1. I'd like the carbon and sulfur percentage of the solvent accessible area for segment 110-251, probe radius 1.4 Å, heavy atoms only, ligands and nucleic acids excluded.
2. Which order do Thr346, Thr208, Thr286, Thr132 take by accessible area at a 1.4 Å probe, largest first?
3. With Kirkwood's inverse mean 1/r over C-alpha pairs for Rh, give me the Rg to Rh ratio of segment 229-345, two decimals please.
4. Cross-link partners among aspartates and glutamates for Lys221, C-alpha distance below 12 Å, same-chain residues fewer than 8 apart left out?
5. Would you calculate the separation in nanometres between label points at Ser320 and Glu191, each defined as 7 Å from the Cα along the Cα-to-beta-carbon direction?
6. With an 8 Å Cα cut-off and a minimum separation of 6 or more residues, compute the relative contact order for segment 97-211 in percent.
7. Label points 7 Å out from Cα along the Cβ direction at Ala339 and Arg275: separation in nm?
8. As a test question: what accessible area, to the nearest 10 Å², does Glu191 have when a 1.4 Å probe is rolled over all protein chains in place?
Amino acid sequence: MGDGSVIPRLGNMKALLGIVAGAGASYGLYKLISGGSFKRNKKSATSESPSVRSNQPSEVTLQPGSLLAKVSGLDVVCPRPTDVASGGIIHQSPGNLEPQHLKMLLSCLQTSNNSSDRCRIMVTLGNAAAFTVNQNLIREFEGIPVIAGFLSDPAAEVRVQTLNALNNLCMNIQNQEQLKVYVPQVLELIEMSPVNSDLQLGALRLLTNLSVTDKHQHLLKESITLLLSLLVVSNEALQVQALKVLVNLSSNPDMMDDIVQAQAPASVVLLFDARTASTVLLRLLTFAGNLQAWRPSAQVADELRRKQDCLFRVMLDESSQLHSRLVQLLSHPDGEIQAQVARILT
(Lines give C-alpha, C1' and ligand atoms only; values in the text may rest on other atoms or scores of the structure.)
Protein backbone atom coordinates (compact mmCIF):
# COMPACT_ATOMS: atom_id res chain seq x y z
CA MET A 1 0.00 0.00 0.00
CA GLY A 2 1.37 3.40 -0.92
CA ASP A 3 1.31 6.42 1.33
CA GLY A 4 -0.76 8.32 -1.21
CA SER A 5 -3.93 6.55 -0.11
CA VAL A 6 -3.32 7.34 3.55
CA ILE A 7 -2.02 10.89 3.93
CA PRO A 8 -5.02 12.72 2.42
CA ARG A 9 -7.26 10.97 4.90
CA LEU A 10 -5.19 12.14 7.84
CA GLY A 11 -6.13 15.69 6.98
CA ASN A 12 -9.68 14.89 7.95
CA MET A 13 -9.36 14.07 11.65
CA LYS A 14 -13.07 13.45 12.06
CA ALA A 15 -13.08 10.75 9.39
CA LEU A 16 -9.96 9.12 10.84
CA LEU A 17 -11.19 9.11 14.39
CA GLY A 18 -14.60 7.76 13.50
CA ILE A 19 -12.89 4.51 12.69
CA VAL A 20 -9.76 4.09 14.86
CA ALA A 21 -11.59 2.56 17.78
CA GLY A 22 -9.95 -0.87 17.35
CA ALA A 23 -11.09 -4.16 18.81
CA GLY A 24 -10.27 -5.34 22.33
CA ALA A 25 -12.13 -6.75 25.32
CA SER A 26 -10.93 -4.01 27.67
CA TYR A 27 -11.49 -1.12 25.31
CA GLY A 28 -14.55 0.76 24.01
CA LEU A 29 -15.87 -1.07 20.97
CA TYR A 30 -17.54 0.63 18.07
CA LYS A 31 -19.99 -1.48 16.11
CA LEU A 32 -20.15 -1.93 12.39
CA ILE A 33 -23.81 -1.73 11.39
CA SER A 34 -26.14 -1.44 8.43
CA GLY A 35 -24.01 -1.43 5.34
CA GLY A 36 -20.83 0.08 6.75
CA SER A 37 -21.84 2.91 9.06
CA PHE A 38 -20.04 3.10 12.37
CA LYS A 39 -22.16 3.98 15.39
CA ARG A 40 -20.80 4.92 18.80
CA ASN A 41 -22.18 3.26 21.88
CA LYS A 42 -24.83 5.13 23.82
CA LYS A 43 -22.47 6.48 26.46
CA SER A 44 -20.13 8.06 23.95
CA ALA A 45 -22.96 9.50 21.91
CA THR A 46 -24.69 11.18 24.81
CA SER A 47 -21.46 12.75 26.04
CA GLU A 48 -20.88 14.68 22.81
CA SER A 49 -22.25 18.09 22.15
CA PRO A 50 -24.82 18.55 19.33
CA SER A 51 -22.31 20.51 17.27
CA VAL A 52 -19.85 17.62 17.36
CA ARG A 53 -22.49 15.05 16.49
CA SER A 54 -23.68 17.04 13.54
CA ASN A 55 -20.20 17.03 12.04
CA GLN A 56 -19.82 13.25 12.21
CA PRO A 57 -20.47 11.43 8.94
CA SER A 58 -23.20 8.86 9.16
CA GLU A 59 -21.31 6.51 6.87
CA VAL A 60 -17.60 6.19 6.14
CA THR A 61 -16.28 4.21 3.20
CA LEU A 62 -12.75 2.94 3.50
CA GLN A 63 -10.06 2.30 0.96
CA PRO A 64 -9.13 -1.41 1.17
CA GLY A 65 -5.78 -1.78 2.93
CA SER A 66 -5.76 1.86 4.05
CA LEU A 67 -4.75 3.09 7.49
CA LEU A 68 -8.40 3.47 8.47
CA ALA A 69 -9.20 -0.09 7.47
CA LYS A 70 -6.15 -1.52 9.22
CA VAL A 71 -6.49 0.18 12.59
CA SER A 72 -10.21 -0.37 13.05
CA GLY A 73 -9.93 -4.07 13.84
CA LEU A 74 -13.47 -4.42 12.48
CA ASP A 75 -14.93 -5.79 9.27
CA VAL A 76 -14.72 -3.00 6.73
CA VAL A 77 -17.28 -2.49 4.00
CA CYS A 78 -15.41 -1.48 0.88
CA PRO A 79 -16.56 1.21 -1.51
CA ARG A 80 -18.63 0.27 -4.55
CA PRO A 81 -16.74 -1.25 -7.52
CA THR A 82 -17.24 2.02 -9.36
CA ASP A 83 -15.13 3.78 -6.71
CA VAL A 84 -12.25 1.31 -6.50
CA ALA A 85 -11.00 -1.60 -8.49
CA SER A 86 -11.43 -4.17 -5.75
CA GLY A 87 -14.50 -4.72 -3.59
CA GLY A 88 -15.70 -7.04 -0.87
CA ILE A 89 -15.12 -7.15 2.84
CA ILE A 90 -11.57 -6.90 4.22
CA HIS A 91 -10.56 -8.39 7.55
CA GLN A 92 -7.71 -6.46 9.12
CA SER A 93 -6.12 -6.53 12.57
CA PRO A 94 -4.24 -3.89 14.57
CA GLY A 95 -1.39 -6.41 14.46
CA ASN A 96 -1.00 -5.69 10.75
CA LEU A 97 -0.25 -2.00 11.16
CA GLU A 98 2.80 -0.82 9.29
CA PRO A 99 5.48 1.31 10.98
CA GLN A 100 4.39 4.53 9.27
CA HIS A 101 0.86 4.02 10.57
CA LEU A 102 2.06 3.99 14.17
CA LYS A 103 4.08 7.14 13.52
CA MET A 104 1.01 8.84 12.09
CA LEU A 105 -1.15 7.86 15.07
CA LEU A 106 1.45 9.11 17.56
CA SER A 107 1.63 12.38 15.65
CA CYS A 108 -2.17 12.73 15.61
CA LEU A 109 -2.26 12.04 19.33
CA GLN A 110 0.07 14.93 20.06
CA THR A 111 -1.71 17.42 17.83
CA SER A 112 -5.35 16.66 18.69
CA ASN A 113 -7.22 19.27 20.73
CA ASN A 114 -10.32 17.11 21.10
CA SER A 115 -10.49 14.70 24.06
CA SER A 116 -12.83 12.32 22.23
CA ASP A 117 -10.35 12.13 19.35
CA ARG A 118 -7.42 11.55 21.71
CA CYS A 119 -9.33 8.78 23.42
CA ARG A 120 -10.01 6.93 20.16
CA ILE A 121 -6.42 7.25 19.01
CA MET A 122 -5.24 5.92 22.38
CA VAL A 123 -7.62 2.96 22.12
CA THR A 124 -6.13 2.12 18.73
CA LEU A 125 -2.55 2.44 19.97
CA GLY A 126 -3.44 0.27 22.94
CA ASN A 127 -4.90 -2.42 20.71
CA ALA A 128 -1.84 -2.28 18.47
CA ALA A 129 0.41 -2.55 21.55
CA ALA A 130 -1.02 -6.01 22.25
CA PHE A 131 1.36 -7.28 19.54
CA THR A 132 5.08 -7.71 20.21
CA VAL A 133 6.16 -6.16 16.92
CA ASN A 134 4.20 -3.01 17.70
CA GLN A 135 5.46 -2.92 21.28
CA ASN A 136 8.98 -2.75 19.90
CA LEU A 137 8.12 -0.22 17.21
CA ILE A 138 6.38 2.15 19.61
CA ARG A 139 9.45 2.07 21.86
CA GLU A 140 11.80 2.64 18.93
CA PHE A 141 9.67 5.58 17.75
CA GLU A 142 9.97 7.09 21.26
CA GLY A 143 6.24 6.61 21.61
CA ILE A 144 6.23 5.46 25.24
CA PRO A 145 6.86 8.94 26.71
CA VAL A 146 4.38 10.37 24.20
CA ILE A 147 1.67 7.97 25.38
CA ALA A 148 2.60 8.28 29.07
CA GLY A 149 2.32 12.05 28.78
CA PHE A 150 -1.46 11.60 28.65
CA LEU A 151 -1.56 10.17 32.18
CA SER A 152 -2.23 13.77 33.16
CA ASP A 153 -4.80 14.44 30.44
CA PRO A 154 -7.74 16.46 31.80
CA ALA A 155 -10.22 13.90 30.42
CA ALA A 156 -10.61 10.85 32.69
CA GLU A 157 -11.40 8.50 29.79
CA VAL A 158 -8.19 9.50 28.01
CA ARG A 159 -6.26 8.69 31.20
CA VAL A 160 -8.01 5.31 31.39
CA GLN A 161 -7.10 4.42 27.81
CA THR A 162 -3.55 5.67 28.40
CA LEU A 163 -3.21 3.20 31.27
CA ASN A 164 -4.59 0.42 29.07
CA ALA A 165 -2.06 1.22 26.34
CA LEU A 166 0.83 1.35 28.83
CA ASN A 167 -0.37 -1.92 30.33
CA ASN A 168 -0.03 -3.66 26.97
CA LEU A 169 3.34 -2.03 26.35
CA CYS A 170 4.44 -3.29 29.77
CA MET A 171 4.15 -6.89 28.56
CA ASN A 172 7.48 -6.21 26.84
CA ILE A 173 10.47 -6.49 29.22
CA GLN A 174 12.48 -3.87 27.33
CA ASN A 175 9.59 -1.42 27.58
CA GLN A 176 9.49 -1.84 31.34
CA GLU A 177 12.81 0.00 31.61
CA GLN A 178 11.09 3.11 30.30
CA LEU A 179 7.76 2.53 32.00
CA LYS A 180 9.21 2.23 35.52
CA VAL A 181 9.75 5.99 35.75
CA TYR A 182 5.99 6.51 35.67
CA VAL A 183 5.30 4.38 38.78
CA PRO A 184 4.98 7.43 41.11
CA GLN A 185 2.48 9.02 38.72
CA VAL A 186 0.48 5.79 38.45
CA LEU A 187 0.37 5.46 42.24
CA GLU A 188 -0.81 9.05 42.50
CA LEU A 189 -3.62 8.26 40.08
CA ILE A 190 -4.75 5.43 42.34
CA GLU A 191 -4.71 7.70 45.39
CA MET A 192 -6.48 10.63 43.76
CA SER A 193 -9.06 8.78 41.66
CA PRO A 194 -12.55 7.80 42.85
CA VAL A 195 -12.73 4.42 44.58
CA ASN A 196 -13.69 1.58 42.23
CA SER A 197 -13.09 3.76 39.18
CA ASP A 198 -11.73 2.51 35.87
CA LEU A 199 -8.69 4.70 36.54
CA GLN A 200 -7.82 2.75 39.68
CA LEU A 201 -8.42 -0.57 37.94
CA GLY A 202 -6.26 0.38 34.93
CA ALA A 203 -3.46 1.62 37.18
CA LEU A 204 -3.47 -1.59 39.23
CA ARG A 205 -3.33 -3.69 36.07
CA LEU A 206 -0.25 -1.80 34.96
CA LEU A 207 1.41 -2.29 38.37
CA THR A 208 0.54 -6.00 38.22
CA ASN A 209 2.47 -6.46 34.98
CA LEU A 210 5.35 -4.31 36.18
CA SER A 211 5.67 -6.39 39.37
CA VAL A 212 5.61 -9.85 37.77
CA THR A 213 9.41 -10.05 38.00
CA ASP A 214 11.60 -8.97 40.92
CA LYS A 215 13.42 -6.30 38.95
CA HIS A 216 11.11 -3.34 39.56
CA GLN A 217 9.26 -4.46 42.68
CA HIS A 218 11.34 -2.17 44.92
CA LEU A 219 9.59 0.77 43.28
CA LEU A 220 6.38 -0.29 45.04
CA LYS A 221 7.78 -0.41 48.58
CA GLU A 222 5.89 2.71 49.58
CA SER A 223 2.61 1.48 48.07
CA ILE A 224 1.93 -1.47 50.42
CA THR A 225 -0.33 0.52 52.76
CA LEU A 226 -2.25 1.91 49.79
CA LEU A 227 -2.81 -1.58 48.37
CA LEU A 228 -3.92 -2.97 51.74
CA SER A 229 -6.32 -0.07 52.19
CA LEU A 230 -7.89 -0.76 48.81
CA LEU A 231 -8.73 -4.27 49.98
CA VAL A 232 -11.15 -2.99 52.61
CA VAL A 233 -12.86 -0.22 50.62
CA SER A 234 -13.04 -1.56 47.06
CA ASN A 235 -15.29 -3.80 45.03
CA GLU A 236 -14.38 -7.33 43.99
CA ALA A 237 -12.61 -6.35 40.75
CA LEU A 238 -10.27 -3.91 42.49
CA GLN A 239 -9.69 -6.27 45.40
CA VAL A 240 -8.58 -8.99 42.99
CA GLN A 241 -6.26 -6.60 41.13
CA ALA A 242 -4.72 -5.17 44.32
CA LEU A 243 -4.13 -8.70 45.59
CA LYS A 244 -2.40 -9.67 42.37
CA VAL A 245 0.15 -6.95 43.05
CA LEU A 246 0.49 -7.94 46.72
CA VAL A 247 0.96 -11.61 45.80
CA ASN A 248 3.67 -10.65 43.31
CA LEU A 249 5.49 -8.55 45.90
CA SER A 250 5.17 -11.08 48.72
CA SER A 251 6.64 -13.79 46.50
CA ASN A 252 9.96 -11.93 46.73
CA PRO A 253 11.77 -12.53 50.08
CA ASP A 254 13.66 -9.26 49.62
CA MET A 255 10.36 -7.36 49.80
CA MET A 256 9.08 -9.02 52.96
CA ASP A 257 10.64 -6.62 55.48
CA ASP A 258 8.88 -3.69 53.80
CA ILE A 259 5.58 -5.56 53.58
CA VAL A 260 5.32 -6.65 57.23
CA GLN A 261 6.30 -3.18 58.48
CA ALA A 262 3.69 -1.39 56.38
CA GLN A 263 0.68 0.09 58.13
CA ALA A 264 -2.42 -2.01 57.56
CA PRO A 265 -6.10 -1.52 58.42
CA ALA A 266 -7.10 -3.94 61.18
CA SER A 267 -10.21 -4.83 59.18
CA VAL A 268 -8.10 -6.69 56.60
CA VAL A 269 -8.48 -9.87 58.66
CA LEU A 270 -12.26 -9.60 58.38
CA LEU A 271 -11.91 -10.49 54.70
CA PHE A 272 -10.95 -14.03 55.74
CA ASP A 273 -14.61 -14.95 55.78
CA ALA A 274 -16.85 -17.37 53.93
CA ARG A 275 -18.90 -14.42 52.65
CA THR A 276 -15.90 -12.98 50.81
CA ALA A 277 -15.95 -13.69 47.07
CA SER A 278 -13.96 -16.83 46.25
CA THR A 279 -11.87 -14.98 43.64
CA VAL A 280 -10.77 -12.56 46.35
CA LEU A 281 -10.40 -15.13 49.13
CA LEU A 282 -8.16 -17.45 47.10
CA ARG A 283 -5.69 -14.64 46.38
CA LEU A 284 -5.94 -13.39 49.94
CA LEU A 285 -4.99 -16.87 51.17
CA THR A 286 -2.05 -16.96 48.75
CA PHE A 287 -0.87 -13.62 50.13
CA ALA A 288 -1.28 -14.89 53.72
CA GLY A 289 0.62 -18.06 52.85
CA ASN A 290 3.53 -16.01 51.50
CA LEU A 291 3.56 -13.98 54.72
CA GLN A 292 3.44 -17.10 56.90
CA ALA A 293 6.47 -18.50 55.08
CA TRP A 294 8.50 -15.55 56.38
CA ARG A 295 10.32 -16.36 59.61
CA PRO A 296 11.60 -13.33 61.54
CA SER A 297 14.13 -13.60 64.33
CA ALA A 298 12.85 -13.12 67.87
CA GLN A 299 14.47 -9.68 67.97
CA VAL A 300 12.82 -8.54 64.72
CA ALA A 301 9.46 -9.88 65.85
CA ASP A 302 9.70 -7.92 69.10
CA GLU A 303 10.51 -4.74 67.20
CA LEU A 304 7.55 -5.26 64.88
CA ARG A 305 5.18 -5.79 67.80
CA ARG A 306 6.06 -2.28 68.96
CA LYS A 307 5.04 -0.79 65.60
CA GLN A 308 1.48 0.49 65.75
CA ASP A 309 -0.91 -1.04 63.21
CA CYS A 310 1.77 -2.71 61.11
CA LEU A 311 0.83 -5.71 58.96
CA PHE A 312 2.86 -8.03 61.18
CA ARG A 313 0.61 -7.26 64.15
CA VAL A 314 -2.56 -7.47 62.07
CA MET A 315 -1.85 -10.79 60.36
CA LEU A 316 1.20 -12.55 61.79
CA ASP A 317 1.46 -11.83 65.49
CA GLU A 318 0.11 -14.28 68.07
CA SER A 319 -2.50 -11.70 69.02
CA SER A 320 -3.90 -11.62 65.47
CA GLN A 321 -7.41 -12.93 64.77
CA LEU A 322 -6.17 -14.51 61.56
CA HIS A 323 -5.57 -17.99 62.97
CA SER A 324 -9.09 -18.39 64.35
CA ARG A 325 -10.62 -17.10 61.15
CA LEU A 326 -8.56 -19.55 59.08
CA VAL A 327 -9.81 -22.44 61.20
CA GLN A 328 -13.39 -21.43 60.39
CA LEU A 329 -12.58 -21.48 56.69
CA LEU A 330 -11.67 -25.17 56.85
CA SER A 331 -15.38 -25.83 56.38
CA HIS A 332 -15.67 -23.55 53.34
CA PRO A 333 -17.71 -25.18 50.52
CA ASP A 334 -14.96 -24.46 47.97
CA GLY A 335 -12.45 -27.33 48.03
CA GLU A 336 -9.62 -25.18 46.70
CA ILE A 337 -10.09 -22.69 49.53
CA GLN A 338 -10.11 -25.54 52.06
CA ALA A 339 -6.83 -26.84 50.62
CA GLN A 340 -5.22 -23.39 50.75
CA VAL A 341 -6.25 -22.93 54.38
CA ALA A 342 -4.94 -26.38 55.32
CA ARG A 343 -1.55 -25.59 53.79
CA ILE A 344 -1.29 -22.36 55.78
CA LEU A 345 -2.27 -24.00 59.08
CA THR A 346 0.11 -26.95 58.76
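1. 51
2. In descending accessible area the options line up as Thr346, Thr132, Thr286, Thr208.
3. 0.94
4. Asp254, Asp257, Asp258
5. Using points 7 Å along Cα→Cβ, the separation is 2.6 nm.
6. It rounds to 24 percent for segment 97-211.
7. It works out to 2.8 nm between the two label points.
8. 120
The values are calculated or read from the model by the stated rules, or taken from the named source; none is laboratory data. Values in this document were obtained by computation on a predicted structure and should not be read as measured data. Please note: Cβ atoms are built from the backbone with ideal geometry, for glycine as well, and neighbour counts cover all protein chains shown. These area figures cover heavy atoms from the full protein model, side chains too; ligands, DNA and RNA do not enter into them. Shrake-Rupley method; radii C 1.70, N 1.55, O 1.52, S 1.80 Å.
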